[in-house]
Structure formats: C-alpha cells, structure tokens
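*Asks:* Here's a structure for you.
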Amino acid sequence: MRHDAPETFFSMYSVNSRTVQSTSFIPSPMSTQHITLLNLSYHNHPLTSPDLYKCISSSVLPLQVHLPLLRSCTLYIPRSAVLSMVHEQSNSKGSEMNKAEQLPRELEMKLGVVAEDNIVFRERPAAKGRSGGWVAGNLLLVNQGLATLAFFGVNVNLVLFLTRVLQQNNADAANNVSKWTGAVYIFSLLGAFLSDSDWGRYKTCIIFQVVFVLGLMLLSLSSHLFLIKPSGCGDQQTPCGSHSNVEVRLFYLAIYMIALGNGGYQPNIASFGADQFDEDDPDEAYSKVSFFSYFYLALNVGSLFSNTCLSYMEDHGMWALGFWASTLSAFVALAIFFGGARWYRHCAPGGNPLSRFCRVVVAASRKWRAEMLPGGGNLYEVDGKEPQDANGISRRILHTEGFKFLDRAAVIDSDDFTLQDRSTLRDHWRLCTITQVEEVKCVLRLLPIWLCTILYSVVFTQMASLFVVQGAAMQRNIHGFTVPPSSMSAFDILSVVAFIFLCKRLLHPLVRRLKNTSTGLTELQRMGVGLVIAATAMVSAGVVEHFRLKHQYCKGSCTAAAGSSLHIMWQAPQYVLIGASEVFMYVGQLEFFNGQAPDGLKSFGSALCMTSIAFGNFFSDLIVTIVMGITGGGGRRPGWIPANLNDGHLDRFYFLLAVLCSVNLVVYMVCAKWYKRIKVEGKCGEVKGGF
C-alpha cells in the first residue's frame, strides 16, 4: 500500500557499539511526527510501545529530515534514551547486557588476539606470544641504541668540526649547529605525517633509516677525500686548509641527509615501539609505560660510546674514522630492524590527518549558527568504526567540554545526509563525528604544553654548543690525558641512566605510598620538575663560568683553549643536572604526547616531543643573536659570547637563561592546570585538571 505522506527519515546514532533496530516502519499518512515501528529490540530485549514512545519523546532527533519515502530502514536512537529505557524495564536485563558487552573482549584476551587493526608479517592477524611484546620491543631498543650512536657520532663534535676543519668562529659554529639540530627535529614532522597518513610506521622507519645510512656514507667519503686535508688535521694543533664551495656544499648535503633520515625515523620508532604493547591488557599496558623509560635509556647508552670513544677519536683529528664507525653502526641498526619484521605488530595508518582537521573546521564554520543542547545531546557519532577515509581513528573519543565552536561540526541538521541506492550517505564536509571533533580538540589542548617545553630545549641545546666551547677554554689535563670537551656529556648520559633507575625503583614507589594511589607523579608533574632542575643547571653553569673567568691565564691575547686554570671537571654538576632534568622532562614528554595523542596521530604525538627540541635550537640561535647584538654594540665590543671567552661574559648568558626558565615554569603550571586529558571509550573517565 502506498502512503501519500510527507517524506520522513530518522538520523543514525550509536548505542554502545550496537544498534537499536527497526526492521520496518510505516510512515503515517496523517503526520510526520508519528510512525509505527515493528520488531524493535535492543540486545534482543523487546521494547514495548510505551517504552518506544518515551524514548522518541525524550529524543533530540530532528524528526523531519527529508528523504524519499522508504518501506524499511534501520532506526538509531540516542544512547542515553535507550539505556535509561532498558534500565527502567529490568535491572537484571541491564546486568546481562553489560556481561554481553564484556564477553567479546574477554574472548579476545583468552584467544590471545590483540587490537583488530594489528597485523604481523605478511598481513597475518597479530597474536600474543608470537608478535609484539618485549621480543619486538628489545629489538627496537637495540636498533635505537645503535642509531643513536651513529647520530651522536656526528652531532657531538659538529661544533668543533666547523671551527677546526671549516674554520668558522664560535658564534657562527654554534648557530649552524643549532640550525642543523633544529632541522633534525623539524623533519620529524614530515616523518610523522607520512607515517600517520599513508606509509605506516614500519615502512616510514625503513625508508628514513636508508636515507640516514646514505647520508653518513656521503659524510664519511667527503671528509676522507676532500675535507681532512692535510691528513690528521682538525685536532688542536694542525689547522686544515681552505675548501672550495663545492666541497663545503657536499658536506652540508651530507649532514642534512643525516638530519632528514634521523629526524623522520625518530618519532616513528618511539610510536612503533609503543604499538608492540596492547594497552587493553594490564600486563602489556604496564610494559608500555616502562618501554618509554628504557627507550630513552637506550638512546643515552648509545650516545655514551659516541661521547667517549668517537669523541676522543675526532678530537684528535681522526674525523673520517669516527664517521665511518657511525656509518657501520647505522647499517647494523637498519639490518636488525629489518630482520625483526616477522615479530612486529603493525597498525594500519589512519588516513590524512590534515583532511580530517579541515573537515572539522569547515563543518563547524558552516554551522556557526547551529544550536547545541546541554551535554552534547544532539551531537553525531558512528556505530563502531567508519571507513578510514572518513574517520581514520581506531577508538572513539568521548565528548569533552571546551572549544564549543568545534562541537558545531557534529550537530545534525537536515542537509547532512543524502540517499543513494537505498542507503544514506553522510556529507563529511558538513557533519563530523564527535571523535573527529575531539581529535582536533586534543591537538589544540596539547599545543600550550608543547610551547612551554621549547624554552627547556633552549637549555638542553647548550650542552652541544656553549658547554663544549666553555669546556675547551678550561684546564683539561688529567695525569697527561687531555679530556675532549665534548666527552663531558658522558656525565649527562650517566646521570640519565642513574636517574631512570632511581625514579623507577625509589621515587615513584615512594610517591605512590605518600599519595596512597596506584600512580606516582603524573607526566605533567614530572615535566614541571624537569623545568625546575633545568633552571638550576643554568645557575650551576653560570657559577662555573664566573669562576673560570676569575682563574683565566690572560685576557685578549691567549686562545680560548688555554684560557683558564679552572679544571673542566667543574662542569660535571651542570651536565649531571641536565641529565636529571631530561629524565623528568623528555621521558615525561614521550609518555604524555604519545598517550594523549589520538589513535590516528600517535607518530605526531612523538614528533611534538622532538619539534620542541627543534624550536629550542632555533630559539637558542635567536637568543644568542639578540644577546650578541645588544652586548656587542654592533661590533664595537666583544659581547657576552666572543671568540675568546675570556673577553666576554658567558656567565651572564647562563643566568639569563635561568631567569627565562623560571618565568616559563610559572606559565607552564598555569597551562598544566588548564589541560584536560583525552577520554577514550573503554578507558577510565576524565582526570580533572592537568596536575
């Protein structure tokens, strides 16, 4: 029978990963506000007509969404309306429903199945015991240690290579190192984007490690054939000759290939390591937290060899040999990573994140006048997963308050759906899911915290630049052995190793006992502690420089390398303090950004940690330039950081950084209090406040 009734359609809603279905409906010829529904049930629990009326009357559904008249369809009703209705019918039935919802996950755990979007070698489904876990995690830790050894074999003495081999002055060399180090971490954004959008983390790691190895080979060849002339030059006594523009450009091509390879690889190896642990399994979730600490430990153990053996070789003019050792280490790291393919768990990429972000902004702008009900009652969410090109996110993110303008992107109106081949299609540029909106909110909430970490990275980058220059201007002999100034960073590495175990075995258990909770210091609290220790490190460096100037041999006529009788070991406290701050700041950052980033942006979360270091290097360059411009009087005075440190006041620069760190700490505490944690379906509820 044909009904000459107005066209009627009910919008689709999610109900706890299942649906309330009507296998048929008959539009009333009298009114679009009344329909007859047959065979309606929820989890096989029949719903009576009074229940249905109560559900529809309390619903926020727009009842007049125009589509062609249909004889059957599926009706989705808001979660809150249906659940309250079912609970009113029977508490016992509700209990059975909860058990039914838990059963699939329990069955997966018993069968050893991990997240459904995880696969292993040759596209097989991932299974516990045969993939992931510490078997894969340990391979990645070894890979990280060897790759770090290779990278720091270039990084640790780069400032000395520029001054001794390429004949640059201290300020120019420090700025070039800061720019190069900043480029390393800027390239991490490129690697994260390719990984999250299309390539996936495994493929991205392979490609960028190959670029890394090729860059190291080019650096080793160019140094051996062109730059280290005469042979053995570049130590403290033998100057190197001049170089052609082609040779210098070849050198810069090589080090920026290294920057591209290492930068694109680093954020993905951290996230790829986290993928090996299923956070829905309590045991693996605990291992995942430990992995980040061991990951940073592996990074520092790898750099320990670079800062001792390789640093000593390069300081004594064996630059090419040191670079070849770095190349070998990177090649072995690549081989180990590639060889472990069959044990890794691979998560499929989530699609272009820029497209998802643009859809939310466009949809919210097109609905800027839309009205929203309290609590987000008329916001749209899908049942389970959408196709990746539409959503690209594994788990649904629950709605949070704040950034209400963006919520309008999820408000349903009559133009959001169209009918095609007896099915409804959503206009993704008009209507976004709550998860997509919350994904944008998550990134916006992370940005203030990320900005506050940049100034810490300004402090951290001094260890590879001005700390080395300062050490070169101190007494460096110990029983006839000359200590390379860059090897003092071994104290930083040993400090990191010691404080990682100290925090894991002593500090965190003590805090848990004092707080009487299962958790110790939160990631944000640890990052705040790192800022305090960093300011203290700058005060320590300033005090050492103050006494170095008091014990200088001469002024204006001696070289920086023989500028003071104060021994280089007085630098040890500032390196130890920097190392302690890294454990709190950078390990906390890795956990925080990876944990708080949505599923489709995990590599981006790790890249945020690295880009804070990048911008720290750029800001360090900017601060040095401004300080030299002001204190140098346009070249009329030596300034605070001259070529001969005995003519300057590096101590005042360190004290300036300590003041800036203190101000940054206050701003950080405000941002951390404001921050709201991500709420993912299946996890615990919202944690109030950032601390």
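*Asks:* Phe618 versus (1) modelled with pLDDT under 90; (2) farther than 22 Å from Ser540 by Cα; (3) surrounded by fewer than 18 Cβ atoms within 10 Å (Cβ to Cβ): which is the lone unmet condition?
*Replies:* Just one mismatch for Phe618, condition (3).
*Asks:* Being under 19 Å from Tyr296 (Cβ atoms), surrounded by 15 or more Cβ atoms within 10 Å (Cβ to Cβ) and modelled with pLDDT under 90 is true for just one of Glu582, Glu591. Which residue is that? Before the answer, list the steps.
*Replies:* On the way: Glu582 fails: modelled with pLDDT under 90.
Glu591 is the lone residue from the list that is under 19 Å from Tyr296 (Cβ atoms), surrounded by 15 or more Cβ atoms within 10 Å (Cβ to Cβ) and modelled with pLDDT under 90.
*Asks:* Give the residues of segment 393-432 that are at pLDDT below 80, part of a loop (DSSP other than H, G, I, E, B) and of a type in the set (Val, Ile, Thr), sorted by residue number.
*Replies:* If the condition is that a residue be at pLDDT below 80, part of a loop (DSSP other than H, G, I, E, B) and of a type in the set (Val, Ile, Thr), then Ile393 is the only one that fits.
*Asks:* Are any residues in segment 588-615 aliphatic (A, V, I, L, M) and within 11 Å of the chain's Cα centre (by Cα), and if so, which ones?
*Replies:* Matches in segment 588-615: Leu590, Ala597, Leu601, Ala607, Leu608, Met610.
*Asks:* Moving to a separate point now. Just to check your reading of the model, which residue among Arg430, Arg445 is within 16 Å of the chain's Cα centre (by Cα) and of a type in the set (D, E, K, R)?
*Replies:* Just one listed residue meets the conditions, Arg445.
*Asks:* Could you tell me whether Leu521 is of a type outside the set (Ser, Thr, Tyr), under 24 Å from the mean Cα position of the chain (by Cα) and part of a loop (DSSP other than H, G, I, E, B)?
*Replies:* On the way: of a type outside the set (Ser, Thr, Tyr): yes; under 24 Å from the mean Cα position of the chain (by Cα): yes; part of a loop (DSSP other than H, G, I, E, B): yes.
Considered against the rule, which asks whether it is of a type outside the set (Ser, Thr, Tyr), under 24 Å from the mean Cα position of the chain (by Cα) and part of a loop (DSSP other than H, G, I, E, B), Leu521 comes out as yes.
*Asks:* Out of Thr517, Thr461, Thr522, I need the residue that is on the phi < 0 side of the Ramachandran plot, exposed (fewer than 15 other Cβ atoms within 10 Å of the Cβ) and out of contact with any His (no Cβ under 6 Å at 6 or more places or on another chain). Which one?
*Replies:* So the residue among Thr517, Thr461, Thr522 that is on the phi < 0 side of the Ramachandran plot, exposed (fewer than 15 other Cβ atoms within 10 Å of the Cβ) and out of contact with any His (no Cβ under 6 Å at 6 or more places or on another chain) is Thr517.
*Asks:* From Thr181, Thr204, Thr238, which residue is of a type in the set (Ser, Thr, Tyr) and closer than 27 Å to Ile626 by Cα?
*Replies:* Working: Thr204 fails: closer than 27 Å to Ile626 by Cα; Thr238 fails: closer than 27 Å to Ile626 by Cα.
Just a single option satisfies the conditions, and that option is Thr181.
*Asks:* Does Gly542 fit the bill of being assigned to a helix (DSSP H, G or I), within 18 Å of Phe291 (Cβ to Cβ) and either modelled with pLDDT of 80 or more or not β-branched (Val, Ile, Thr) (or both)? It would help to see each step written out before you state the result.
*Replies:* Numbers: assigned to a helix (DSSP H, G or I): yes; within 18 Å of Phe291 (Cβ to Cβ): no; either modelled with pLDDT of 80 or more or not β-branched (Val, Ile, Thr) (or both): yes.
The answer is no for Gly542.
*Asks:* Now, a different point. Does Gly375 satisfy being under 26 Å from the mean Cα position of the chain (by Cα) and modelled with pLDDT under 80?
*Replies:* no
Condition check ((1) closer than 14 Å to Gly322 by Cβ; (2) touching a His at 6+ places or on another chain (Cβ under 8 Å)) across all residues:
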| residue | (1), (2) |
| --- | --- |
| Leu218 | no, no |
| His224 | yes, no |
| Leu227 | yes, yes |
| Gly232 | yes, no |
| Thr238 | no, no |
| Gly241 | no, no |
| Val246 | no, no |
| Tyr256 | no, no |
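*Asks:* Whether any residue in segment 647-662 is in contact with a helix residue (DSSP H, G or I) (Cβ under 8 Å, 6 or more places away or on another chain), over 22 Å from Met463 (Cβ atoms) and not in a helix (DSSP H, G or I) is what I want to check.
*Replies:* The answer is no, given that none of the residues of segment 647-662 is in contact with a helix residue (DSSP H, G or I) (Cβ under 8 Å, 6 or more places away or on another chain), over 22 Å from Met463 (Cβ atoms) and not in a helix (DSSP H, G or I).
*Asks:* Just to be sure before I move on: is Val659 without any contact (Cβ under 8 Å) to a residue 24 or more places away in the chain, on the phi < 0 side of the Ramachandran plot and of a type in the set (A, V, I, L, M) in the structure I sent? Give the steps one after another, and end with the answer.
*Replies:* Values: without any contact (Cβ under 8 Å) to a residue 24 or more places away in the chain: yes; on the phi < 0 side of the Ramachandran plot: yes; of a type in the set (A, V, I, L, M): yes.
Yes: the conditions hold for Val659.
*Asks:* Another question about this same structure. Which of the residues that make up segment 525-547 are aliphatic (A, V, I, L, M) and surrounded by fewer than 21 Cβ atoms within 10 Å (Cβ to Cβ)?
*Replies:* Those that are aliphatic (A, V, I, L, M) and surrounded by fewer than 21 Cβ atoms within 10 Å (Cβ to Cβ): Val529, Val532, Val539, Val543.
*Asks:* Pull up segment 590-642, narrow it to residues that are among the β-branched types (Val, Ile, Thr) and in contact (Cβ under 8 Å) with a residue 24 or more places away in the chain, then point me to the one that is farthest from Lys679 (Cα to Cα).
*Replies:* Ile641
*Asks:* Can you tell me which residue within segment 232-289, out of those that are among the polar types (S, T, N, Q) and surrounded by 14 or more Cβ atoms within 10 Å (Cβ to Cβ), is farthest from Tyr344 (Cα to Cα)?
*Replies:* Checking each candidate, the answer is Gln236.
*Asks:* Go through segment 150-162 and give me each residue that's surrounded by fewer than 24 Cβ atoms within 10 Å (Cβ to Cβ) and farther than 24 Å from Val210 by Cα. Give the steps one after another, and end with the answer.
*Replies:* Within segment 150-162, the subset surrounded by fewer than 24 Cβ atoms within 10 Å (Cβ to Cβ) is 158, 162.
Residue satisfying the conditions is Leu162 alone.
*Asks:* Can you say whether Ala174 is at pLDDT below 80, farther than 30 Å from Gly350 by Cβ and either part of a helix (DSSP H, G or I) or not charged (D, E, K, R) (or both), as far as the supplied structure shows?
*Replies:* Criteria met by Ala174.
*Asks:* Of the residues that sit in segment 548-577 and are surrounded by 19 or more Cβ atoms within 10 Å (Cβ to Cβ) and part of a loop (DSSP other than H, G, I, E, B), which one is modelled with the lowest pLDDT?
*Replies:* Ranking the qualifying residues of segment 548-577, first place goes to Gly563.
*Asks:* Now, a different point. Does Asp198 satisfy the criteria of being modelled with pLDDT under 85, of a type in the set (Asp, Glu) and over 26 Å from the mean Cα position of the chain (by Cα)?
*Replies:* Details: modelled with pLDDT under 85: yes; of a type in the set (Asp, Glu): yes; over 26 Å from the mean Cα position of the chain (by Cα): no.
Considered against the rule, which asks whether it is modelled with pLDDT under 85, of a type in the set (Asp, Glu) and over 26 Å from the mean Cα position of the chain (by Cα), Asp198 comes out as no.
The values are calculated or read from the model by the stated rules, or taken from the named source; none is laboratory data. From a predicted model like this one, the values you see are computed outputs, not experimental measurements. Don't worry about glycine lacking a Cβ; one is built from the backbone with ideal geometry, like all the others, and counts go over all protein chains shown.
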